[in-house]
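A.B. asks: The structure is given below, and queries will be raised subsequently.
The values are calculated or read from the model by the stated rules, or taken from the named source; none is laboratory data. What you see is a predicted model, and the numbers here were worked out from it, not measured in a lab. Here the Cβ positions follow ideal geometry from the backbone for every residue, glycine too, while neighbour counts run over all protein chains shown.
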Amino acid sequence: MTNRQATKRCLIYMQDRYNKEIIPIEGWEREETFRFFSTFTQPFFNVHTEVDLTPLYRYCKQHGLSISLAYMHATTQAARNTESFLLRIQNGQVVKFSGLDMSTTILKDNKQIAFTHFPFVENLADFCAEGARIIAEVKKSPKLFNGHQGIDLLHMTTLPWFTFRGMEHAFSICQEDPGVPKIGYGKLEMRGEQVYLPISIGLHHALADGYHMHLFLEELGRVIQGYTL
């Protein structure tokens, strides 16, 4: 891919939906780390792990809710509660958003994918109902991109046909990558009475380290445990 093509690809980002504040880089506790990793041609690091989804899985089964929409909702909720997941790079500045939505791939009726925006709604049942409506529309849409595609998102994809022990996302390196987190899910694994979800998470190293990944996974676990019946 040429620099011109990469730049063109980066221009799909739309105006932000959420309010934001600028984090001054000079004097920031991550200033040296930020400046170091910002020079990398590929600044993302990836972690491949799994989460115990059992409480949320059982809750969805009891209430007739989409399990995939539910775990994406839980992921978004956990990210909104984890400061480093709210950080982005925009116009050479570090910004922190007040909230996040998600954009995930949807498999259309013609078996092609569509990148699709789902606005965050606090109530899981309401989110799943609106999500089902969006999916039904997108499945018949000829478009690749559907809805808001700003940087105040999480980029997600699901591979429900198989489990995995690792996953890397395709992306172009912009002159300034905004650092949108990249999250992938695999096929659910049943082990006795427990249900596990394979998950791959990619973060921009200028904005986060392994410790911050740990904080997010801890928060995701708390969100899921909140659905214990």
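A.B. asks: Name the one entry in Phe127, Phe145 that is in contact with a helix residue (DSSP H, G or I) (Cβ under 6 Å, 6 or more places away or on another chain) and modelled with pLDDT of 90 or more. Please lay out each step first, then the result.
C.D. replies: Values: Phe145 fails: in contact with a helix residue (DSSP H, G or I) (Cβ under 6 Å, 6 or more places away or on another chain).
It is Phe127.
A.B. asks: Which one is farthest from Ile224 (Cα to Cα), of the residues in the range 69-98 that are part of a helix (DSSP H, G or I) and over 13 Å from the mean Cα position of the chain (by Cα)?
C.D. replies: Looking at the filtered set, the residue picked out is Glu83.
A.B. asks: Can you tell me which residue is farthest from Tyr18 (Cα to Cα) among those in the range 122-139 that are without any contact (Cβ under 8 Å) to a residue 40 or more places away in the chain and among the hydrophobic types (A, V, I, L, M, F, W, C)?
C.D. replies: It comes out as Ala136.
A.B. asks: Further question: In this structure, does Gly150 turn out to be surrounded by 12 or more Cβ atoms within 10 Å (Cβ to Cβ), at pLDDT below 95 and of a type outside the set (Phe, Trp, Tyr)? Explain how you work it out, then say what you get.
C.D. replies: Details: surrounded by 12 or more Cβ atoms within 10 Å (Cβ to Cβ): yes; at pLDDT below 95: yes; of a type outside the set (Phe, Trp, Tyr): yes.
When the stated conditions are applied, Gly150 passes them.
A.B. asks: Now, a different point. Of the residues Gly27, Gly64, which is surrounded by fewer than 13 Cβ atoms within 10 Å (Cβ to Cβ), within 17 Å of Gly131 (Cβ to Cβ) and without any contact (Cβ under 8 Å) to a residue 40 or more places away in the chain? Talk me through it step by step, then tell me what you get.
C.D. replies: Values: Gly27 fails: within 17 Å of Gly131 (Cβ to Cβ).
None of the others qualify; the one that does is Gly64.
Here is a yes/no grid of residues against (1) touching a Phe, Trp or Tyr at 6+ places or on another chain (Cβ under 9 Å); (2) outside any helix (DSSP H, G or I); (3) among the polar types (S, T, N, Q):
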| site | (1), (2), (3) |
| --- | --- |
| His155 | yes, yes, no |
| Gly166 | no, yes, no |
| Gly184 | yes, yes, no |
| Tyr196 | no, yes, no |
| Gly202 | yes, yes, no |
| Tyr211 | no, no, no |
| Arg222 | no, no, no |
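A.B. asks: Please specify each residue of the range 81-131 satisfying the condition of being of a type in the set (Lys, Arg) and in contact with a Gly (Cβ under 6 Å, 6 or more places away or on another chain). Break it down stepwise before answering.
C.D. replies: Filtering the range 81-131 for residues of a type in the set (Lys, Arg) gives 88, 96, 108, 111.
Once the filter is applied, which keeps residues that are of a type in the set (Lys, Arg) and in contact with a Gly (Cβ under 6 Å, 6 or more places away or on another chain), the range 81-131 yields only Arg88.
A.B. asks: Please state which of the following conditions Arg165 fails to meet, knowing it meets all the rest: (1) touching a strand residue (DSSP E or B) at 6+ places or on another chain (Cβ under 7 Å); (2) surrounded by 13 or more Cβ atoms within 10 Å (Cβ to Cβ); (3) under 25 Å from Val195 (Cβ atoms).
C.D. replies: So the condition that Arg165 fails would be (2).
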